[in-house]
Amino acid sequence: MNFLAHLALSGKSQNLTIGNFLGDFVKGNLIGQYDKEVELGIKFHRAIDAYTDHHLLIKLSKKRFGSRFRRIGGIMVDIAYDHLLALSWDKFYDEPIDRFSQRVLEDVLAFKELPWEAENLAKMMLRKNSLEKYKNEEFLNNASLSIHKRLKNRTPMLEAPEVIKNVKAELDRDFVLFYPQLIDFAAEWLQEND
């Protein structure tokens, strides 16, 4: 999953949210570098990624893109599912997405030990109101372009938005089945690891 789902699954815990955001920036073993609950959030991020990567519905969604996109299918699912989550936000959460977006990014930015890449990204996301804009199809284009640049132009990532739009109804059916299972997994994982 991409940032929106990771942050939403963190609930209202500021330190868990910070750790979940840091999950894409902190690699390797956790050895007390951060507060215990922040490190729990990093572990939580990793658990969500592992659960998602091995789920049958995610594998089905990846196949919908075709063999040309096999290498980047997981990235495309992450983008598509965050887009679909933003579109169906009110079905899963009571807090309006605009308030949620501002709150979680302000929580992340309040943490003074952010790696500079994470801090810059969080500032940009807050300034551009990125999380709320995930519901717009323009998000698909912007995210794909950003990833394309990071991958040094070696993938068909620029074609991803059109491919996602072409199978959006099928992806939405997959997502509607998958996300409640992810919510249950997240709640169980937090209960077992708290």
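The values are calculated or read from the model by the stated rules, or taken from the named source; none is laboratory data. Keep in mind the model is a prediction, meaning the values are calculated, not measured. Because the Cβ atoms are built from the backbone with ideal geometry, glycine has one as well, and the counts that use them run over all protein chains shown. We work out accessible area using only protein heavy atoms, side chains counted, and drop any ligands, DNA or RNA first. Shrake-Rupley method; radii C 1.70, N 1.55, O 1.52, S 1.80 Å.
Values for this structure:
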item: Test result for Arg46, at pLDDT below 95 and charged (D, E, K, R); result: no
item: Residue list for the stretch 4-24, restricted to those being at negative phi and either outside any helix (DSSP H, G or I) or open to solvent by 30 Å² or more (accessible area, probe 1.4 Å) (or both); result: Ser10, Lys12, Ser13, Gln14, Asn15, Gly23, Asp24
item: Selection count, the stretch 25-35, where residues are among the aliphatic types (A, V, I, L, M) and loosely packed, with under 15 Cβ neighbours inside 10 Å; result: 1
item: Residue that is surrounded by the fewest Cβ atoms within 10 Å (Cβ to Cβ) [pool: residues in the stretch 120-154 that are of a type in the set (A, V, I, L, M, F, W, C) and under 21 Å from Glu106 (Cβ atoms)]; result: Met124
item: The lone exception for Ser101 - which of (1) in contact (Cβ under 8 Å) with a residue 60 or more places away in the chain; (2) of a type in the set (Ser, Thr, Tyr); (3) crowded, with 20+ Cβ neighbours inside 10 Å it fails; result: (1)
item: Boolean, Asp94 is at pLDDT 95 or above and either assigned to a helix (DSSP H, G or I) or touching a strand residue (DSSP E or B) at 6+ places or on another chain (Cβ under 9 Å) (or both); result: no
item: The stretch 130-152, residues that are basic (Lys, Arg), within 17 Å of the chain's Cα centre (by Cα) and in a loop (DSSP other than H, G, I, E, B); result: Lys135
item: Inter-residue pairs, beta-carbon under 8 Å, first under 18 Å from Asp184 (Cα atoms) and in the stretch 51-80, second outside any helix (DSSP H, G or I) and at pLDDT 95 or above, 6+ apart; result: none
item: Candidates Phe44, Phe92, filtered to the one that is open to solvent by 30 Å² or more (accessible area, probe 1.4 Å) and either in contact with an Asp or Glu (Cβ under 6 Å, 6 or more places away or on another chain) or touching a residue at least 24 places away in the same chain (Cβ under 8 Å) (or both); result: Phe92
item: Of the criteria (1) open to solvent by 20 Å² or more (accessible area, probe 1.4 Å); (2) in a helix (DSSP H, G or I); (3) farther than 17 Å from Phe185 by Cα, which one Val38 fails; result: (1)
item: Answer residue from the stretch 164-194, given it is assigned to a helix (DSSP H, G or I) and open to solvent by less than 30 Å² (accessible area, probe 1.4 Å) and is nearest to Ile79 (Cα to Cα) among those; result: Ile164
item: Residue within the stretch 106-118 that is surrounded by 17 or more Cβ atoms within 10 Å (Cβ to Cβ), farther than 22 Å from Gly41 by Cβ and without any contact (Cβ under 8 Å) to a residue 24 or more places away in the chain present; result: no
